[in-house]
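Written out below as C-alpha cells is the structure these notes cover.
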Amino acid sequence: MMSASQNPSSKPGPVVVAAGRRVDAPDASTPRFPPQNAPVVRGRVKEYMLQHRPSAVVCSAACGADLILLQAAQQNDVRRYILLPSAPEKFRETSVSDRPGDWGVIYDQILRTSSVEVHEVPDGQEGYLEVNRRLLDKAQALAAELGASVAALVIWNQQSRGDDDVTAQFKDEAEQRGVTVAEIPTF
C-alpha cells in the first residue's frame, strides 16, 4: 500500500507550511477557534491532506491548528518538521496544555515521532514572527531539496484581529514570498 507522501508519477507532493489558531481559552472574549469545533476542523484538514498529498509538513506544535495538522500528517505517513520558539517543555506549558482538551498527550506523541528544531527566540510577538519566517524558510529549503513546490496552509477564523495577529502575518509573509495560500476555517 502506498502512503500519502509517495507519488509514483513524477513530482513529489508539496511541502505544506502551516500556521493557525490555538483553541480558545475558556474565558475567550472573542471566539476564534472554539474547542467544540476541533472535530470539524480535523475533518477539513483530513480532506486537505487527501487532496494535496503533501510530501512533508512544516509547522509549530501549538494546541489547535498545528497539532490537528501534525496528527493528520502522522496518520498519512507524511514527514513532519516542527519548529518551536522555546524548549519543548516550556512550549508545552505555554502553548499546548494551557487550553482545554487532551492537547498535551497529542503533543507528546507527535514530538516523539517528528523532526523537532528548537529556535530560541524572544518571548512575545517578535519571537513568533521570527518563527513564522523560519517556518517558511525551512519549507522552501526542503521543497528545493525534494524538487517540490511549497503550499501554505492557514487554519483560522479567516479574520485578522489586528496588527499583532501572528497568523495573519504568516499568511501575508507567505503571499509576499509568492507561496500559494489555502485557508481552512475554524468555524
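Say we join alpha carbon atoms closer than 10 Å with springs in a Gaussian network model of the chain; which of GLY147, GLY104, GLY162 then has the biggest fluctuation? Per the Cα network of the chain with a 10 Å cutoff, GLY162 tops the list. In order along the range 117-131, the Karplus-derived 3J(HN,Hα) couplings, from 6.51 cos²θ - 1.76 cosθ + 1.60 at θ = phi - 60°, round to 10, 9, 10, 5, 10, x, 5, x, 4, 4, x, 5, 5, 5, 5 Hz, and Gly and Pro are given as x. Across the range 15-185, C-alpha contacts under 8 Å between residues 6 or more apart give a mean separation that, scaled by the residue count, equals a relative contact order of 28 percent. Using 0.36 nm per residue and subtracting the Cα-Cα separation, the extra length available between ARG44 and SER160 on full extension is 39.7 nm. Taking the Cα atoms only, what angle lies between the long axis of helix 38-52 and the longest principal axis of the chain, rounded to 10 degrees? Helix 38-52 sits at roughly 20 degrees to that axis. Over the range 87-187, calculate the relative contact order: mean separation of alpha carbon pairs under 8 Å at least 6 apart, over the residue count, as a percent. Reported as a whole number, the value is 23 percent. Note that the range 1-107 shows a convex hull volume over its alpha carbon atoms of 103 Å³ per residue.
Here the dipole of the chain is about 740 debye; that uses its Cα centre as origin and unit charges on the Cβ of Lys and Arg (positive) and Asp and Glu (negative). Relative to the current alpha-carbon distance between GLU89 and PHE187, full extension at 0.36 nm per residue lengthens the span by 32.3 nm.
Restricting the GluC sites (Glu not before Pro) of the range 93-140 to loop positions (DSSP other than H, G, I, E, B) with no more than 11 neighbouring Cβ atoms within 10 Å leaves GLU120. Per the Debye calculation on the range 142-184 with a single equal scatterer at every Cα and no solvent contribution, log₁₀ I(q)/I(0) for q = 0.25 Å⁻¹ amounts to -0.87. Enclosing the Cα atoms of the chain in their convex hull gives a volume equal to 111 cubic angstrom per residue. Its residues counted as N, the range 70-172 yields a C-alpha radius of gyration over 2.2 N^0.38 Å of 1.12.
Taken together, the values in this text are just the output of simple stated rules run on the coordinates, not laboratory data. All of these numbers come straight from a predicted model, not from anything done at the bench. Don't worry about glycine lacking a Cβ; one is built from the backbone with ideal geometry, like all the others, and counts go over all protein chains shown.
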